[in-house]
Amino acid sequence: MKEYKIVVLGSGGVGKSALTVQFVQGVFVEAYDPTIEDSYRKQIEVDGEQCTLEVLDTAGTEQFTSMRDLYMKNGQGFVLVYSIAAQSTFNDLEDVRDQILRVKDKDRVPMVLVGNKCDVDDSERLVGKDQGANLAQKFGCTFLESSAKARINVSEIFCDLVQQINKEVVPVPKPKKRKCTIL
């Protein structure tokens with residue numbers, strides 16, 4: 001069974017833990033308790049194949065940013081989360097993405113940009129859906145709006161990421177060895 005290392009990144013309070021726990025355990029965590037680092041495992045089926053996801057829920061607070069390089073180095077796919085009710089959390093993601101690409105020494109990595117808390121009242125929305133879609137296009141990645149509370153697009157985030165990783169690591173078929181018989 002294939003294993004995938006998924007890293008969930010974003011500013012503090014955007015709902016990284018809520019999304020992760022909703023995905024893994026199917027419950028919504030109401031209370032905000034800043035995370036240092038939590039790791040979860042979940043078996044899922046994507047495109048007919050069983051796989052195990054190791055999901056690393058990271059700290060969003062500045063004091064733990066030095067740990068990020070290690071997460072990024074080991075991660076295969078990344079969930080970049082912002083709150084649609086907080087513009088600053090959206091603005092922070094460009095630096096996070098740049099850091100991932102620098103650490104991985106690649107131009108592209110499997111990634112999903114997630115605008116969380118899409119269940120909030122429209123009057124609380126500060127980041128438009130079009131802004132998220134435009135940033136995702138710039139990043140060359142998938143964009144989804146989600147709600148851990150209402151369980152909107154939670155599984156889709158992780159399934160999409162597995163599909164991206166699978167596309168990236170599809171082995172190139174080796175040329176068949178030809179038999180040559182000399183008469």
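The values are calculated or read from the model by the stated rules, or taken from the named source; none is laboratory data. Values in this document were obtained by computation on a predicted structure and should not be read as measured data. So basically every Cβ, Gly included, is an ideal-geometry build from the backbone, and we count neighbours across all protein chains shown. Note: areas computed on protein heavy atoms with side chains; ligands, DNA, RNA excluded. Shrake-Rupley method; radii C 1.70, N 1.55, O 1.52, S 1.80 Å.
Quick notes
- Exposure check, 1.4 Å probe, all protein chains in place: residue 30 carries approximately 130 Å² of accessible surface.
- The figure for residue 58 is an accessible area of roughly 0 square angstrom, using a 1.4 Å probe on the protein chains alone.
- Which of 2, 16 is most accessible, then next, and so on - probe 1.4 Å: 2, 16
- Ordered from highest to lowest accessible area with the whole protein assembly present and a 1.4 Å probe, 83, 39 read as 39, 83.
- Carbon + sulfur, % of accessible area of the range 1-152 - ligands and nucleic acids excluded, 1.4 Å: 45
- Exposure of residue 141 as accessible area (Å², to 10), given a probe of 1.4 Å and all protein chains: 30
- Based on protein heavy atoms only, the range 33-162 ends up with 50 Å² per residue of surface accessible to a 1.4 Å probe.
- Ranked by the mean number of other Cβ atoms within 10 Å per residue, highest first, peptides 86-94, 101-109 order as 86-94, 101-109.
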